[in-house]
Amino acid sequence: MHEYRIRNMASRKLLANPQGSRTNGTKMIQWDDTGGADQAWSLEPAPGGGAKLRNMASGKVLANPQGSRDNGTEMIQWDDTGETDQAWILEPGPNGGLRIRNMASRKLLADPQGSRENGTTMIQWEETGETDQEWLFDPPLGQAR
């Protein structure tokens, strides 16, 4: 299994699980790179296509609560249920990164308004073409660590 650090193109911060929480419903944030397992993610095939993003500290997956279709819904972690609210499609973005699209809502994982603050909760938002909705994977996808 490959581990990735997922960096937002606007903020340059990493997708993180605060303090490596193991609690369902914990909101996923962005933070400076600390090298911790709370900022490491694995990609696994999801039922029906797409990928699950599993946090290495908690073992839980990135989820869109109840498959919300609302802009601004805060993304959380949850036990793996195999539902589409936990499945993500990785697709090329217009600025050279990858967009991470939720299969249930069809909305993109985003850093609200390109915030550069540690602790900002990551949300979903309709496609805007901005860099706050694009992510870089380290190592780049397809390259083993």
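Each reported figure results from applying straightforward, stated rules to the coordinates on display, with no laboratory input. Predicted model, so just to flag it, every value in this text is computed and none were measured.
Summary table
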quantity	calculated
Candidates Q66, Q30, Q86: whichever shows maximal mean-square fluctuation once the chain is modelled as a Gaussian network with Cα springs under 10 Å	Q66
5 Å binning of all Cα-Cα separations within region 13-135, expressed as whole percents from 0 upward	2, 13, 23, 27, 23, 10, 2, 0
Residue of N64, N102, N118 that the Gaussian network model of the chain assigns the largest fluctuation, springs spanning Cα pairs under 10 Å	N118
Whichever lysines have a C-alpha closer than 19 Å to that of K60, once near sequence neighbours (fewer than 8 apart) are set aside	K27, K52
Within a Gaussian network of the chain (alpha carbon springs, distance under 10 Å), most fluctuating of D132, D70, D79	D70
Extension reserve of the R69-T23 stretch, reckoned as 0.36 nm per residue once the Cα distance is removed	14.2 nm
